[in-house]
Each structure stands twice: as C-alpha cells, then as structure tokens.
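This report refers to the structure that appears directly beneath it.
The values are calculated or read from the model by the stated rules, or taken from the named source; none is laboratory data. Since we're looking at a predicted model, the values are computed, not measured. In this analysis, Cβ positions are derived from the backbone assuming ideal geometry, glycine residues included, and neighbour counts consider all displayed protein chains. Quick note on the areas: whole protein, heavy atoms, side chains included, nothing else; ligands and nucleic acids left out. Shrake-Rupley method; radii C 1.70, N 1.55, O 1.52, S 1.80 Å.
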Amino acid sequence: MANLFERLGGEAAVNQAVENFYRKVLTDDRISHFFSDVDMDRQIAKQKGFLTMVFGGPNNYTGKDLREGHRHLVAKGLNDGHVDAVIELLGETLKELRAAEEDIKEVAAIAESVRDDVLNR
Amino acid sequence: MAKVTYNGQIVDTDADTSLLEALLAQGCEIPNSCRAGACQSCLMQATKGEIPAQAQAGLKETLKAQGYLLACRCYPHQDMEVRLPVSGAVRIPVTVIEEDMLATDVKRVRVRPEADFVYRPGQYVTLWCDARLGRSYSLASVPGRDDHLEMHIKLVPDGRMSRWVHEHLHVGDRLLLQGPAGNCFYVPGAPQQNLLLAGTGTGLAPLYGIAKDALRAGHQGDIYLLHGAPEPSGLYLREELSALARAHENFRYISCVLVSDGPLPEGIQLGAIDELALGVAPSLAGWKIYLCGVPQLVNQLRKKIFLAGARINDIYADPFLSVADARKAAA
Ligand SMILES: Cc1cc2nc3c(=O)[nH]c(=O)nc-3n(C[C@H](O)[C@H](O)[C@H](O)COP(=O)(O)OP(=O)(O)OC[C@H]3O[C@@H](n4cnc5c(N)ncnc54)[C@H](O)[C@@H]3O)c2cc1C
Ligand code: HEM
C-alpha cells in the first residue's frame, strides 16, 4: 500500500495545493499577519516545504529547525489558536484536492505532532 | 570562506557577503544598481573557479557558457578569479536616431543597434553612459516592425543616469547597450487567454511593447492595458493607445490618476490602479498578467492579483528596482 505522500499525489499534489493553501492563509484574518513578507516567491517556496512535510513527504526538517523557524513568530504572539487555524486551512485545501477523510486526519496528526516544537514549548 | 582574485587583488568572501559587496568593500569600482539580480549591470566573468548556479540565474545560455555571472548574486564556495567583461564582448554599440519628450519627465529614446540584436518586446537592456554607469531600460519596440529599439526614460530626482539621458543624450550619439534580459514578454500559444497589463509611469514602456507584440501575433483573448500616474501629466502615449483600442476590438486601454487639479481629460479615470485592475473581471483565474514599474506597486499588485485567482506562474512581474531599493533592502 502506498504511503500517505504517494496516496495524496506526491510532489504534484504539493504543487497543486500550495497556491490554494497560500491564498487561504493570506486571506484568513486570524493568521494573515504572520505572512506579510512581500517576497512571494520565497513564501511559496517555504509553503512547499511545509506542505511536503505534513503530507508525509521527504524532508529534512527536525524539531529543532521548526523551533528556530518559528521562534520569531512566537515572539510576535504565535499560539495554539493559530496552529488550529493552519490545520483547519490545511484540511480545507486537502478536501478541495479530494483527499480521503482518513488521509486528511493523518496530515492533521503530523502537524499536531510538532505543535510544541512550532510553539517553542 | 573563499578567496577571489580580481585585478591582482585578493578579496575574502563568506557565506553572507556577495562577491559584489566584498569587492566594493575593498574599494574596487564595480558597476551596479539593483543588487537583486535583475539589472545585470554587475555582470562579471569568471576565468577560474566554480560558479555558483544562483550567480547565473537569468543569464542567457551563451553568457553562462562563457563564465559570466552576476556579482550581486555570487556567494563563492571555492576560490575564484574574476574580471569585468572585456569591452566589446557583451555590449554592442548603438546610435541614437530619435529623441522626444512623451511627458514632462519622460524622454523617449530610439536607438539603432550596429549589430544583430535579438529580443522580445518587454525585455530590458542595460544602457551604458560610460564604462561604469549602466542602468536597465525596458523595450517598447517590436522586432520585425521597428528597426530601432525604443526606451522610455523617466527623469528621477538626483538620478545619475536618467539625468544624463535627459540633459546630454542626443541624436547621433553612440553608446553601448547590453542584453536583453527578463522574461516579461508575450508568449504565443494561448491565443484565447485574457491578458491584463498594468503599470505606472514608465512601466508603460514594456507593456506597450507586449501589447503590440500580442496584437501582431493575432491574440484573440481580451487584452487590457492599464496605465496609472499620480496626475494626468504623468500619462503618455494616450493618442497611440486609444488608436490601438479603436483598431482592435479585443484591446482595451484604461488610464487612471490619483489626483487631478482641473476636470479630467476624457477617458482618464480617477482611482487607484489596483482597484481598476481587480475590476476588469469578477475573477482573474486563468488570466495572464504583466506588471511593470515601481517595485512597491508591482509587488502589492502581484499579491492582490494572486488573491483574485490568477496563478503565480501566470503573473509576470518586472519591478523597476533602483539603487534606492538596493539601499532599502540592505538597511
Ligand atoms: C528590470 C528593470 C527595468 C527598468 N526599466 C525602466 C524603464 O523602462 N524606464 C525607466 O525610466 N526606468 C527603468 N528602470 C529603472 C532604471 O534602471 C534606473 O533605476 C532609473 O533610471 C534611475 O537611475 P539613475 O541612475 O537615474 O538614478 P540613481 O542615481 O541610480 O538613483 C536612483 C534613485 O535612488 C535615489 N538615491 C540615490 N542615492 C541615494 C541615497 N544615497 N539614498 C537614498 N536614495 C538615493 C535617487 O534619488 C534616485 O531616486 C528599470 C529598472 C529595472 C531593474
Ligand atoms: C502546524 C504545524 C506547523 C508546521 C509543521 C510548520 C512547518 C513549517 C516549516 C517546515 C517551515 C519552514 C519552511 C522553510 O523554511 O523551508 C515553516 C515556516 C513558516 N511557518 Fe510554519 N509550521 C507550522 C505552523 C505554523 C503556524 C501556526 C504559523 C503561523 C500562523 C506558521 C507560520 C510560518 C511562517 C510565517 C514561516 C516562514 C518563516 C520565515 O519567513 O522565515 N507556521 N513552517
């Protein structure tokens, strides 16, 4: 049986999901202020890194990377509510890709598993 | 840490210092402007050592093959030896054949290249006033239709190159030009796709070139060209663009200003260009978009248009980065 990343459609699925996910993030009042970087190309590249990771794809992020990567955001007030919002938008994006309910749960679980790292707890 | 030899001097670089910064810090005079990999005025050639791929991004294949690189994008991994381009190697001579004022602060310059020059309308060239001072200008002319290259050059307060162009460049003068570069141009193959071209100030130059190119190619989808300026005096080529709109059913020309002293001349709208751009259709999904001009506006428009449904790969943006933007980015 294919693994999660393959079931979701691999890199092609990430490429398809990234623009919709980024559009959602930028228009969600709860979290858009964390993504105000004007360099859209850099932002999209980072979103791809994020999606590849939570889709269970090949990545090299460690808990330490996630701590460091979000530390400046925690300093700006990043909290559990924001993580919930990201997981919710992730679910919507996956539904639009017609992912199976089970797979969406698995993606959410991966995101959930690093919550404390992201929030630097 | 890598050592770079230039002109007999050895300069140290590290992971956070570009070759350009390292050379400038040593007092070397290296031409430069945007320091963001766009303007290509800091073009150098490596004669030894491995060139990081990033330092060649956006260069033509022929230049890559000869070891040319952009010093502002070059973070050497290994020792290298570099030099400035040998004169005549990448710059071709051109002669000014026409000059006129399009607006109070915009000069149109037409030059004739003295060698074959292959380009697409909307790409840009680096124009050199002397060996050291070069700046990017976009091409409004169309190969095959025009035998000259056309540039629209705005006089920038305290701008070195633009002042020289406005005050000292005249018909008959010869100067050097390098390029072309950039991927903001019309690509045939999707004749039904709707096009939105939006820009302010001399951002019109590439857009005008792209619009004429698309129409010549028989583009069938709608083509909207939006030109914005702070006030009516900043709008130019209104006659030509209105005539294009009359001649082609699928071409729409919209001009807008933020403020106006008197009553607005016919056809000019009062309003911000981003609002008008988003107003051309309920959704911009499936559109191809071209944005040129002041960096802040281009970046802001790019985001808004993306949110309005256009795909990132369908948005071609050419921010006119200047020395001032390089300073802001460094600060
Ligand atoms: C891809 C691209 C395409 C372009 N196409 C066009 C075009 O078609 N038409 C066009 O008119 N322009 C275009 N430009 C912009 C053009 O290349 C130049 O940046 C512009 O003409 C100004 O050059 P300058 O030498 O006159 O000014 P510079 O001397 O380089 O100064 C630029 C600006 O920086 C400010 N400045 C200088 N020094 C300082 C300082 N110490 N602190 C703060 N601010 C400072 C000046 O006041 C001025 O406003 C393009 C740029 C790019 C990157
Ligand atoms: C839910 C678990 C999360 C995971 C697994 C995660 C993962 C990642 C990864 C892997 C990167 C780095 C991308 C790269 O540099 O290549 C990143 C960057 C980023 N994340 Fe997250 N993230 C999570 C939650 C959040 C939340 C809740 C926010 C804010 C609402 C957020 C905002 C950002 C931002 C703004 C960046 C870019 C930082 C920068 O510009 O340097 N992340 N994330």
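Taken over region A:87-121, the criterion of being in contact (Cβ under 8 Å) with a residue 24 or more places away in the chain and open to solvent by 60 Å² or more (accessible area, probe 1.4 Å) is satisfied by A:E92, A:E96, A:E106, A:E112. Only a single criterion out of (1) within 16 Å of ligand 2 (Cβ to nearest atom); (2) basic (K, R); (3) within 19 Å of the chain's Cα centre (by Cα) is not satisfied by B:K303, namely (3). If the condition is being surrounded by fewer than 19 Cβ atoms within 10 Å (Cβ to Cβ) and under 22 Å from A:A13 (Cα atoms), then region A:54-86 contributes A:G56, A:P58, A:N59, A:N60, A:Y61, A:A85. Restricting attention to region B:295-331, the residues that are under 16 Å from B:G182 (Cα atoms) and away from chain A (no Cβ under 11 Å) total 5. Just to be sure, is B:R135 out of contact with any strand residue (DSSP E or B) (no Cβ under 8 Å at 6 or more places or on another chain), at pLDDT 95 or above, within 18 Å of B:Q40 (Cβ to Cβ) and not assigned by TED's automatic domain parsing to the domain that holds B:L244? When the stated conditions are applied, B:R135 does not pass them. Taken over region A:16-33, the criterion of being within 14 Å of chain B (Cβ to nearest Cβ), open to solvent by less than 70 Å² (accessible area, probe 1.4 Å) and either in contact with a Leu (Cβ under 9 Å, 6 or more places away or on another chain) or of a type in the set (G, A, S) (or both) is satisfied by A:A17, A:V18, A:N20, A:F21, A:R23, A:K24, A:V25, A:L26, A:D28, A:S32. Inspect region A:38-47 for any residue being within 11 Å of chain B (Cβ to nearest Cβ), open to solvent by 20 Å² or more (accessible area, probe 1.4 Å), at pLDDT below 90 and in a loop (DSSP other than H, G, I, E, B) and give the result as yes or no. There is at least one residue in region A:38-47 that is within 11 Å of chain B (Cβ to nearest Cβ), open to solvent by 20 Å² or more (accessible area, probe 1.4 Å), at pLDDT below 90 and in a loop (DSSP other than H, G, I, E, B).
Determine, yes or no, whether B:P143 is under 22 Å from B:V90 (Cα atoms), more than 16 Å from ligand 1 (Cβ to nearest atom) and either open to solvent by 50 Å² or more (accessible area, probe 1.4 Å) or modelled with pLDDT of 95 or more (or both).
yes
Residues considered: A:D37, A:D41. Of these, the only one that is over 15 Å from the mean Cα position of the chain (by Cα) and within 16 Å of ligand 1 (Cβ to nearest atom) is A:D41. Checking each residue in region A:77-99 for being in a helix (DSSP H, G or I) and either closer than 20 Å to A:R7 by Cβ or hydroxyl-bearing (S, T, Y) (or both) picks out A:I87, A:L90, A:G91, A:E92, A:T93, A:L94, A:K95, A:E96.
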